[in-house]
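As structure tokens, the structure follows; a few thoughts come after it.
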Amino acid sequence: MPPELAGREQVIEDGRVVSARAKLRKAERGQMLIGSRGVGKTSLLKWLAEDARQAGVIPVIAEIQNDSQGIEELSAKMKDALHALDYVSKVKTGVRESFAVLGNFIRKFAVKIGPVGVEVETCAGLGESGNIESDLSAVLLTAARAAKASGTAIGLYIDELQNMQLATLSGIIVSLHQAAQELLPLYLIGSGLPTVRGLVAKSKTYAERMFNYEEIGALDASASSDAIRKPMKAMNVDIEDKALSAIFKMSGGYPFFLQECGYQVWQRAERSPITAKDVKGAARDVEERLDRNFFAVRLDRISELERRFLRVMADVPGGDERPISAIAKAMGRSANSLSMLRRSLIRKGVLYSSTPGMVSYTVPQFGAYLKRTFSL
């Protein structure tokens with residue numbers, strides 16, 4: 001977690017409104033934090049979840065792994081949430097029913113998280129139809145009703161949402177829609193790659209209007225300066241404006257890169273104030289650490305042909321998105337012949353496609369890394 005979430009004040013305020021209104025049983029759209037990797041989506045999500053916890057909400061914090069339905073992760077975190085709800089609730093009946101429905105769900109889908117941890121009677125018919133959409137909805141709605149009786153709310157904070165299978169996401173969307181109609185205290189704040197927008201729209205026809213989408217990207221120069229200066233000031237260390245400008249130029253304003261720059265400059269500087277010379281001296285260390293620990297790990301499961309695709313893509317003109325047709329032409333191939341290669345790279349989390357016929361790197365400045373590291 002970065003020591004300063006600079007430049008994200010509006011996103012944080014919007015997230016607080018979502019959780020506060022849910023607890024008051026007032027209708028409110030959920031929130032989707034979308035952007036490439038390294039821009040701080042996960043840090044924001046975790047901060048919002050902890051902030052909600054401090055305000056008396058029960059957060060369900062889950063990360064959806066690659067090619068996962070997310071059933072086991074969600075079930076395990078729902079179990080933890082129900083135990084937390086049971087601890088604070090004075091109305092145990094609804095909580096026990098929630099445990100029973102979750103138990104049905106776990107048994108029906110052979111979820112391997114162990115027993116729910118409390119003795120409950122079977123709740124026949126709920127959470128055991130075998131339809132993931134309706135059964136997951138039953139789990140979430142019974143939990144929301146129990147939260148209502150206890151004067152709190154259930155907040156779903158789901159990271160890497162683009163990895164969730166459609167049926168699982170549909171179950172969440174259905175429960176949120178029903179909760180809004182019944183004014184139940186249940187909401188979702190999710191984060192993921194820009195493809196999340198299309199996935200949500202595909203899940204249910206009405207899903208698009210249920211969320212506000214927050215584009216999380218690089219910080220501007222002012223916010224980047226705050227992200228570096230404020231933590232240093234807390235340690236009684238000053239930094240010159242020229243040094244901050246050099247860090248912004250080096251990092252491009254991307255939060256993960258800013259953290260690495262700040263760390264290396266702090267390690268190198270011998271006295272306050274930190275100068276542009278200190279930043280220049282740390283530049284090679286920053287680049288080497290990012291290459292080794294941020295960029296290179298993306299290529300661990302990449303074949304030679306896939307690596308060539310990625311390297312050629314770096315030379316194709318364009319902004320965040322590059323046309324498949326141009327990449328194919330540069331490789332001397334047809335666009336259709338690259339479809340399996342494209343799908344493989346998307347599955348491995350290196351590329352994403354939010355526009356037909358276009359692809360983007362999932363991490364910022366990846367093309368520049370490939371250019372300086374691999375030759376064609």
Need one word for region 282-327: rounded, prolate or oblate. Basis is the Cα gyration tensor (sqrt eigenvalues a ≥ b ≥ c); a/c below 1.5 gives rounded, then a/b vs b/c decides. oblate
Could you give me the ³J(HN,Hα) list for region 155-164, computed from phi with Karplus coefficients 6.51, -1.76, 1.60 and θ = phi - 60°, whole Hz, x at Gly and Pro? x, 8, 10, 10, 9, 6, 5, 5, 8, 6
Taking θ = phi - 60°, what integer Hz values does the Karplus form 6.51 cos²θ - 1.76 cosθ + 1.60 yield along region 276-293, in sequence order, with x for Gly and Pro? 4, 5, 4, 5, 4, x, 8, 4, 5, 4, 4, 4, 5, 5, 5, 4, 6, 9
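Using Cα-Cα distances under 8 Å and only pairs 6 or more residues apart, what relative contact order does the chain have, in percent?
Computed value for the chain: 19 percent relative contact order.
Grab the DSSP H runs of the chain that are 4 residues or longer, score each as -39,500 (n - 2.57), total them, divide by all residues and round the 222 nm result to the nearest 500 deg cm²/dmol.
Details: 15 runs with 198 residues, N = 376.
Value at 222 nm, helices only: -17000 deg cm²/dmol.
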Take the alpha carbon gyration tensor of the chain, find the square roots of its eigenvalues, order them as a ≥ b ≥ c, and report rounded if a/c is under 1.5; if not, report prolate when a/b exceeds b/c, else oblate. oblate
Between residue 289 and residue 234, what is 0.36 nm times their sequence separation minus the Cα-Cα distance? Round to one decimal in nm. 17.3 nm
Tell me, what % of the accessible area of the chain is carbon and sulfur with a 1.4 angstrom probe? 49 percent
Spread of Cα-to-Cα distances over 5 Å intervals beginning at zero, given as percent, for region 240-357: 2, 10, 17, 16, 13, 11, 11, 9, 7, 3, 1, 0
Sort region 184-225 into rounded, prolate or oblate with this rule: let a ≥ b ≥ c be the square roots of the eigenvalues of the Cα gyration tensor; rounded if a/c is under 1.5, and if a/c is not under 1.5, prolate when a/b is larger than b/c, oblate otherwise. prolate
With a sphere of radius 12 Å drawn around the Cβ of residue 52, what net charge do the other residues whose Cβ falls strictly inside it have (Lys, Arg +1; Asp, Glu -1)? +3
What longest range of the chain stays clear of loop-exposed trypsin sites (Lys or Arg not before Pro) (DSSP non-H/G/I/E/B, at most 13 other C-beta within 10 angstrom)? 113-270
Selected from 34, 331, 213, residue furthest toward positive end of dipole (the chain; charges at beta carbon): 331
Helix 221-234 axis, angle to the chain major axis (alpha carbon atoms, nearest 10°): 80 degrees
Heavy-atom accessible area per residue - region 111-257, 1.4 Å, Å²: 43 Å²
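The values are calculated or read from the model by the stated rules, or taken from the named source; none is laboratory data. Worth saying up front: this structure is predicted, and the values here are computed from it rather than measured. As a convention, Cβ positions derive from the backbone with ideal geometry for all residues, glycine included, and neighbour counts pool all protein chains shown. Heads up: the accessible areas ignore ligands, DNA and RNA and are worked out on the full protein's heavy atoms, side chains in. Shrake-Rupley method; radii C 1.70, N 1.55, O 1.52, S 1.80 Å.
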